[in-house]
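J.: There's a structure below that I have some questions on.
Since every read-out is calculated from the coordinates, none of them should be taken as a lab result. Because the structure is predicted, anything quoted here is derived from the model rather than measured. Here Cβ is always computed from backbone atoms with ideal geometry, including for glycine, and neighbour counts include all displayed protein chains.
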Amino acid sequence: MNLTEITLKETKEGLKKGKFSLQDVVTAFKNRIKEKNKEINAVISVVSDFRENKNLPLYGAVFVVKDNILVKNEKCTAGSKMLEHYIAPFDATVISKIKDAGGVIIGKGNMDEFAMGSSTESSAFGATKNPLSLSKVPGGSSGGPAAALASNMCNTAIGSDTGGSIRQPAAFCGVVGMKPTYGTVSRNGLISMSSSLDQIGPLTKTVEDAETIFNVIKGKDKYDSTTVDIHKKGKDKLRIGIPKEYFVDGLDDRIKKTIDKAIEKITVNLEEISLPYTEYALPAYYIIMPSEISSNLARFDGMRYGLEKGRPASDSILDAYLKNRGDSFGREVKRRIALGTFSLSSGYHDAYYLQAQKVRSLIFEDFQKAFKKVDLILTPTTPNLPFNIGEKIDNPVSMYLSDIFTVTANLAGLPAISLPCGEIDGFSVGAQLIAPRFCEEDLFNGAKMLEKIWWK
Ligand code: GLN
C-alpha cells in the first residue's frame, strides 16, 4: 500500500489496525516532498512536527498549511519577500486545534503574495506547478497546499479563502476544497488580506475528510471576536438550485458540457433559480477587497512588521517607507494597495466603497430569496480550465475573472465547497455547492451525495 496515496480516513483505519505506524506515514510524505517538490514547488518550508496522540480525531492527518497561517517557531512568509525572515511567535487558533487533535504539520504551502492572485505565480518564492499538467498553473492563491495534496506530499491541507482561494485551486488540482461560513472558523493567526471576507478551510481528497477537519477547526474563539458557535442541523431531503446567471457567455464550453453531464446524473429535486445581482459581484469584490487590503497591509512598513531596509533615524520618513514598502512588495500587492487607497479616499469613498457595500447587501438578499426555494446551490467553480503558466500574469483583469463564480459566497458570508465532478481533455472539472450560513451539515451531506454519484 502506498501511504501517500490514501485518504485521511483510510490512513486512520490503517493506523488503528496496526498496519503501519504514524512514523511510517510521516516518513513517506517527507520522502515524497524530497522527490517531487523540486519540480512542483508546492512546499516552501518543511516543518518538523511529530506527536503520537492515538485515538484523537486527527491522528494520522499530515498537513501542508498555507504560508499565511502562523505555526509557532516556523517561518511564515505569506509568499512575500517582506516576510522572508519572519518567524511566527505563536500558533494560529486553527493550528493549536489541529495539534491538540493529533494532526501533524509537515510543511508550509506556497501561495500568491499575501493571498492576492489566482495562479500562485505572484509568490516571491517562484510559481507552483499543477501536478496534473506541469505547464499549467495550480490555481491560487492556495496553490501550494492544493498542489501538495494533489501530488501526495500530504493527506490533508489548510488554505485561506477570501474570494475563492481554496475552491479555485481545489478545482484546478482535482481535489476537494471548502470555505466555511464567515465567523465559523477563527482567523486568529491568519495574516489578514481582507478581514470581512477571509476564512480558513480544509483541502482534502474526499468530502468526508474535509468534514472531519472542519469539525476540529470550527468554533468560537476569544481571539477572534467575529466567531460564533452556530451550527444548523442538517435536513433529510435536500433541494438543489441551479442559478442561470452562472451558465453564461465566458464559461468554457468544456466546463459547461462536463457540468451539464454531472447535473443529468443527479436524482434529487433540481430547480432553476435566479441570482440577478451576480454580474455585480466581481466589481464589488474588487472594490471592497483592495480597500481592506490597503488598511491591513499598512503594518508592513519595516518598523512594525517586515524587512527593514530604511530607517526614519537616518532616512526621511518618506524615504524609509519607499525603501521598506517599495522594495519588498510585489506588483500585484502594490496595485491593490493603490486601488484600495484610491477607493477609500475622500471624494471617492461614497462613489466606490459605499456603493460596493450596497451591492454586497443586494447579493446577500439574492441568496436569501433563493434559499427560500432550495437548500443548496450548484454552480461551476471556475469559468476556465487551468491556464498556462505566464498566460495571464500581465493581464490582471483576465486573472480577476477567474474568481467570478467564487466571490459571491465570500461577499455573502456563505459556506461553499468545490469537488471534482468529471474530467475533460485530461483536466479535472470542479463543481461548487453553496449553502445558507451555518448550514455546513447540509453542505457536506449534499457534497457526499454528489461524490457518490460522480466518482463511481
Ligand atoms: N483570486 C482572488 C483574488 O486574487 C482570491 C484570493 C483569495 O481568496 N485569497 O483576490
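J.: Measure out, as a whole number of angstrom, how far apart the alpha-carbon centroids of segment 66-111 and segment 336-413 sit.
T.: Taking the Cα centre of segment 336-413 as reference, the centre of segment 66-111 is 27 Å away.
J.: Using the Karplus curve 6.51 cos²θ - 1.76 cosθ + 1.60 with θ = phi - 60°, what ³J(HN,Hα) values do you get for each residue of segment 170-182, in whole Hz, with x for Gly and Pro?
T.: 4, 5, 5, 9, x, 10, 9, x, 10, 9, x, 3, 4
J.: Another question, if that's okay. Long-range amide H contacts for GLY422: which residues qualify at under 5 Å (H placed 1.01 Å from N, peptide plane, sequence gap of 5 or more or a different chain)?
T.: For GLY422, whose amide H was placed from the backbone, the distant partners under 5 Å are VAL429.
J.: Okay, moving on. Between their Cα atoms, which of LYS334/LYS369; LYS19/LYS218; LYS233/LYS265; LYS9/LYS232; LYS36/LYS323 are more than 29 Å away from each other?
T.: On the way: LYS334/LYS369 38 Å; LYS19/LYS218 31 Å; LYS233/LYS265 26 Å; LYS9/LYS232 25 Å; LYS36/LYS323 37 Å.
Beyond 29 Å between Cα atoms: LYS334/LYS369; LYS19/LYS218; LYS36/LYS323.
J.: Follow-up. Using each residue's phi in segment 59-75, evaluate 6.51 cos²θ - 1.76 cosθ + 1.60 at θ = phi - 60° and report the 3J(HN,Hα) Karplus result to the nearest Hz, with x for Gly and Pro.
T.: 5, x, 7, 10, 9, 9, 10, 3, 7, 10, 10, 6, 10, 3, 6, 10, 4
J.: Turning to a different aspect of this structure: Would you please calculate the Kirkwood hydrodynamic radius of segment 325-456 over all C-alpha pairs and express it in Å, rounded to one decimal? It would help to have the intermediate numbers written out before the result.
T.: Values: mean 1/r = 0.0570 Å⁻¹.
Hydrodynamic radius (Kirkwood, Cα only) of segment 325-456 equals 17.5 Å.
J.: For a 30 Å ceiling on Cα separation, which of these pairs sit above it: LYS358/LYS452; LYS309/LYS358; LYS99/LYS222; LYS81/LYS358?
T.: On the way: LYS358/LYS452 40 Å; LYS309/LYS358 41 Å; LYS99/LYS222 18 Å; LYS81/LYS358 36 Å.
Over 30 Å apart, Cα to Cα: LYS358/LYS452; LYS309/LYS358; LYS81/LYS358.
J.: If you don't mind, there's one more thing I want to ask. Taking the convex hull of the alpha carbon atoms in segment 152-208, what volume per residue do you get, in Å³? Show your work: numbers first, answer last.
T.: Numbers: hull volume 5.1 nm³, N = 57.
About 90 Å³ per residue, rounded to a whole number.
J.: Continuing with this model, one more query. In segment 130-145, which residues have a backbone nitrogen under 17 Å from the label point lying 7 Å from ASN388's Cα in the Cα-to-Cβ direction?
T.: 130, 133-139
J.: Right, here's the next one. What residues have an amide H closer than 5 Å to that of TYR305, excluding those fewer than 5 places away on the same chain, when H is modeled at 1.01 Å from N in the peptide plane?
T.: Residues meeting the amide H criterion: none.
J.: Quick one: longest stretch of the chain between exposed loop GluC sites (Glu not before Pro), exposed meaning at most 14 other C-beta atoms within 10 Å and loop per DSSP?
T.: The longest uninterrupted stretch comes out as 85-307.
J.: Considering only DSSP beta bridges where both residues belong to the chain, give the percentage that are antiparallel (nearest 5). Before the final figure, lay out the partial values.
T.: Details: 31 of 46 bridges.
Looking only at bridges with both residues in the chain, the antiparallel portion is about 65 percent.
J.: Give me the dipole magnitude in Debye, nearest 20, for the chain about the Cα centre, with unit charges on the beta carbon: positive for Lys and Arg, negative for Asp and Glu.
T.: Details: 59 positive and 54 negative charges, 183 e Å.
It comes to approximately 880 debye.
J.: Can you tell me the relative contact order of the chain? Whole percent, Cα pairs under 8 Å, sequence separation 6 or more.
T.: Numbers: 1079 pairs, mean separation 79.3, N = 456.
Averaging sequence separation for qualifying contacts and normalising by length gives 17 percent for the chain.
J.: Hey, what's the per residue convex hull volume over the C-alpha atoms of segment 205-288, in cubic angstrom? Show your work: numbers first, answer last.
T.: Numbers: hull volume 16.2 nm³, N = 84.
Hull volume over Cα atoms, normalised by residue count, gives 192 Å³.
J.: Mind jotting down the distance between the C-alpha centroids of segment 22-48 and segment 185-241, whole Å?
T.: Cα centroid of segment 185-241 versus Cα centroid of segment 22-48: 27 Å apart.
J.: I've got another one for you. Net charge within 13 Å of PRO386 by Cβ-Cβ distance, Lys/Arg positive one each and Asp/Glu negative one each, not counting PRO386 itself? Let's see the in-between values first.
T.: Working: positive: LYS129, LYS136, ARG254, LYS392; negative: GLU121, ASP252, GLU391, GLU423, ASP425.
My count for the surroundings of PRO386 gives -1.
J.: Further question: Tell me, what ³J(HN,Hα) does each residue in segment 47-58 have, in order and in whole Hz, if you take phi through Karplus 6.51 cos²θ - 1.76 cosθ + 1.60 with θ = phi - 60° and put x for Gly and Pro?
T.: Each residue's phi maps through the Karplus curve to give 10, 9, 10, 7, 8, 9, 10, 4, 6, 8, x, 10 Hz.
J.: While we're here: If a paramagnetic tag sat 7 Å from the Cα of TRP454 along the Cα-Cβ line, which residues of segment 360-396 would have the backbone N under 16 Å from that point?
T.: Counting backbone N atoms under 16 Å from the label point, the list is 376-386.
J.: Further question: Under a Cβ-Cβ cut-off of 12 Å, what is the net charge of the residues other than LEU15 that fall near it, where Lys and Arg count +1 and Asp and Glu count -1?
T.: Working: positive: LYS9, LYS12, LYS16, LYS17, LYS19, LYS54; negative: GLU10, GLU13, ASP24, GLU52.
For residues surrounding LEU15, the net value is +2.
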